[in-house]
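Take a look at the structure set out below.
Computed from the coordinates by the stated procedures, all read-outs in this text should not be read as laboratory data. Model, not experiment: these values are computed from the prediction. Cβ coordinates were reconstructed from backbone atoms using ideal geometry, including for glycine residues, and neighbour counts include every protein chain displayed.
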Amino acid sequence: MALLQGFQRLLPDENRLKLLMESLKAVVEQTKTQNGGSCKNKIEEYRKAFSFFDANNDGKITTEELEKAMIRCGQRPTKLEVRLIMYHGDNDQNGVITFDEFAHLMNGTSPMSRYTFEQLRDQFNMFDKDKDGFIEKAEMISCVRELSLQHSFPRAVIEQLFTEADIDGDGKISFDEFVLAVN
């Protein structure tokens, strides 16, 4: 993570985020139907939906709870998609989504990054030397050499980065994985 710490909160492709949010809202709609559909206002509707996600009733939705709730409603999110939803819902980045964060996420008022998609893509492309849409270890090592950072970022650090960032285990970092890794 140290190599990418200079980058701040980053966003995935806006279209992908919209699709993920539609999936999440579909789950909320299903919980509304399962609860009889009789909510007086949005807050009550969100509270009931939040309770569905918060399996242990501790007032927080974890990554695991989010994934299990979506699966119970017929959604099949990938681990990366679940982490992207958590990224956008967990405003204080403490690893859980509180009710307030959940309500903001559902309303679409969750704070967004100050970076544009183009800026993020440029940062990613700096590492993606062969422009195949992925960052491989060799590309990362090459960038470290070009920037004369070998002493600060030895191979062990790069190995750790790939261990943490490569969510799907394919040996390379996609743009979405990059976004999550630098968060």
Please grab the % of Cα pairs in region 54-183 that end up more than 17 Å from each other.
-> 65 percent
Among Lys42/Lys79; Lys79/Lys131; Lys68/Lys131, the pairs whose Cα-Cα distance exceeds 32 Å are Lys68/Lys131
Neighbour-count ranking for Ile97, Ile167 (other C-beta within 10 angstrom, fewest to most) reads Ile167, Ile97
Which residues in region 87-104 have a backbone N closer than 18 Å to a point placed 7 Å from the Cα of Asn56 along the Cα-to-Cβ line?
-> 94-99
At 0.36 nm per residue, minus the direct Cα-Cα distance, what do Thr163 and Ile141 gain on full extension? Give it in nm, one decimal, please.
-> 6.4 nm
Going fewest to most other Cβ atoms within 10 Å around each Cβ, Lys172, Lys137 line up as Lys137, Lys172
For Arg121, Arg155, ascending order of other Cβ atoms within 10 Å (fewest first) is Arg155, Arg121
